[in-house]
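What follows draws every value from the coordinates through simple rules; no lab data is involved. This is a predicted model, so every value here is computed, not measured. Cβ atoms come from the backbone with ideal geometry, glycine included; neighbour counts cover every protein chain shown.
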């Protein structure tokens, strides 16, 4: 189902750009994990783990000793996917708001730097709350998890820059 052209103008740019930037992130992470599994693959991070974390967060549990040892939740994969993509949309909207408030225009370099900066969220918030510690140092797979997040979030930022430029040409982005 396609969105009618007249409705596209009213769709916040952060939605299509955020979704496409998150797809770009996921593609980069999958390609890297398959091309160099020793450097970029880890069984410690998955959409199921994100869903379990989000579900438990919604129940008031902010920290785990080890997210993998927490009881599985019904629908955790779907919840993880929704959490991941909603986070991408929210972070994309934050990028656009920061640009507007600072009076700056979008660019690939700014968006890529922003994406890299967003990697502090999993490194300093998500990983510790999952029981992996700051920068995943207690995960047993810290180097791979840090590399994967830095790569993924850099790709996410580049995706914001590229997709915003492409969609702006089609009048869907600011």
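Results, tabulated for the structure shown:
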item: Qualifying residue in region 158-168 (condition: in a helix (DSSP H, G or I), under 19 Å from the mean Cα position of the chain (by Cα) and farther than 15 Å from residue 28 by Cβ); result: yes
item: Residue within region 52-61 that is out of contact with any strand residue (DSSP E or B) (no Cβ under 7 Å at 6 or more places or on another chain), within 15 Å of residue 156 (Cβ to Cβ) and in contact (Cβ under 8 Å) with a residue 40 or more places away in the chain present; result: no
item: Those residues of region 118-138 which are on the phi < 0 side of the Ramachandran plot, touching a residue at least 12 places away in the same chain (Cβ under 8 Å) and in contact with a helix residue (DSSP H, G or I) (Cβ under 6 Å, 6 or more places away or on another chain), in sequence order; result: 118, 119, 122, 123, 127, 128, 130
